[in-house]
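J.: Here it is, the structure in full.
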Amino acid sequence: MSGSVYRHLWLLAAMCTTMWCSPRTKQPVDYGKVKRAWPVPYRRFDHRPKADSFCQALYPFCPTGSPDGSIPLMKDSDRVQVFRLQTPVWEFKYGDLLGHFHIMHDAIGFRSSLTGRNYTMEWYELFQLGNCTFPHLRPELEAPFWCNQGAACFYEGIDDLHWMQNGTLEQVAEMTGSQFNEMARWVREDNETGIYYETWTVQAEPSPNTTVWFESYDCSQFVHRTYRKLADLGVTFNSKQQTNYTKIFLYSAEPVFLGNDSSIFGQAGKQELAADIRKFYHPFRPHQSVKEFLISLLEILDKVILERSFYLYYNYEYWHLPMKPPYMKITYEEIPLPHTDKAIIE
């Protein structure tokens, strides 16, 4: 087996063990009664729920931004510059360390020509990556407990040093104030309906035209959605640099739908399956000693590589992934900026 697989699994386990609410949905899908379409659509919700008090962030979410995620309006006649921002994850604490593994965080910057003010907009986890990727196993609860929410944060200022020192700060477009205001309205809707973070992209093979089972929903996906919205509004993009982004892949045969909390856990649930899911997530628990972490890493390798098994929680439902080589991979590949429809401009 390739040494890169061990390296990626070790890195992810280390990140998730140290970086350490279910509202009504819009037309949930019963996968047992309909023909499955791949990738499984990311489920939208009709509101953002209040976070459970159990979930605590190591670093507060959006400390200098608006509490309700509001974005100030620009004058229609304004010219607003758009900047592509990228830096290694946790750069403020570890510098370029995670940049060596191409684990990058993405955001968008704006500058108003009329006021000269700069702004940053980014989408990230409310309770850090570990909580969004793996649950807590609370002894008083049958089901694993998830602290998984992600949201947009908009705040005044662009920290040039933070983005430029080990990453990217590049102007990629310019738009009108009217286009900016349309984008702001779209961000508000997107932020209220897309509420949870998804770390993994799951697909059948590491080849370009393979079947994708599940798409990630993270900071870079928010940037891509925003760029596409701006292109739909007639904004033209141009970059002198190659626009690469981080993706974390899992590779599996066709996933098997298992059910949700109420159908799997509790007295009326599937006891053997429930126990196996809890056992699978146990090695990913936070706050482990060095000895515990090494033991947990061996358990993870045994489950994922030798047993070829992984439990994925997606849309508040559990899936079993029959894992296959190369099992997991972190990539940093080019995703070009979107093209603007000329008919919109004309």
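J.: Taking interchain pairs and intrachain pairs at least six residues apart, which have beta carbon atoms under 8 angstrom, with the first residue in the stretch 132-147 and over 22 Å from Y217 (Cβ atoms) and the second open to solvent by 10 Å² or more (accessible area, probe 1.4 Å) and part of a loop (DSSP other than H, G, I, E, B)?
T.: L137/R285; R138/F54; E142/F265; E142/G266; E142/G269
J.: Since H224 meets every condition but one in (1) surrounded by fewer than 21 Cβ atoms within 10 Å (Cβ to Cβ); (2) part of a loop (DSSP other than H, G, I, E, B), which condition does it not meet?
T.: H224 satisfies every listed condition except (2).
Here is a yes/no grid of residues against (1) closer than 26 Å to P88 by Cα; (2) open to solvent by less than 50 Å² (accessible area, probe 1.4 Å); (3) in a strand (DSSP E or B); (4) modelled with pLDDT under 95:
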| position | (1), (2), (3), (4) |
| --- | --- |
| A231 | no, yes, no, no |
| Y251 | yes, yes, yes, no |
| I277 | no, yes, no, no |
| Q288 | yes, yes, no, yes |
| F310 | no, yes, yes, no |
| P326 | yes, yes, yes, no |
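J.: Quick check, is Y332 of a type in the set (S, T, Y) and more than 30 Å from S207 (Cβ to Cβ)? Give the steps one after another, and end with the answer.
T.: Working: of a type in the set (S, T, Y): yes; more than 30 Å from S207 (Cβ to Cβ): no.
In short, no.
J.: Where in the stretch 118-216 are there helices (runs of 4 or more DSSP H), lying fully within it, with 3 or more residues that are on the phi < 0 side of the Ramachandran plot and open to solvent by 10 Å² or more (accessible area, probe 1.4 Å)? Explain how you work it out, then say what you get.
T.: On the way: elements: 128-133, 160-164, 177-193.
Where helices (runs of 4 or more DSSP H) fall fully within the stretch 118-216 and carry at least 3 residues being on the phi < 0 side of the Ramachandran plot and open to solvent by 10 Å² or more (accessible area, probe 1.4 Å), they are 160-164, 177-193.
J.: Same structure again: Filter the stretch 75-95 down to the residues that are in a loop (DSSP other than H, G, I, E, B) and open to solvent by less than 10 Å² (accessible area, probe 1.4 Å) and list them by number. Outline the logic, then answer.
T.: To start, the set of residues in the stretch 75-95 that are in a loop (DSSP other than H, G, I, E, B) comprises 75-78, 89-90, 95.
Correct list: D78 only.
J.: Can you tell me how many residues in the stretch 233-246 are more than 25 Å from S178 (Cα to Cα) and not in a loop (DSSP other than H, G, I, E, B)?
T.: Initially, the stretch 233-246 is screened for residues more than 25 Å from S178 (Cα to Cα), giving 240-246.
Cutting the leftovers down to not in a loop (DSSP other than H, G, I, E, B) gives us 244-246.
So the count comes out to 3.
The values are calculated or read from the model by the stated rules, or taken from the named source; none is laboratory data. Note that this is a predicted model, so its numbers are computed, not measured. Cβ: placed from backbone, ideal geometry, glycine included. Neighbour counts: every protein chain shown. Accessible surface is based on the protein model in full, side chains and every heavy atom, while ligands, DNA and RNA are left aside. Shrake-Rupley method; radii C 1.70, N 1.55, O 1.52, S 1.80 Å.
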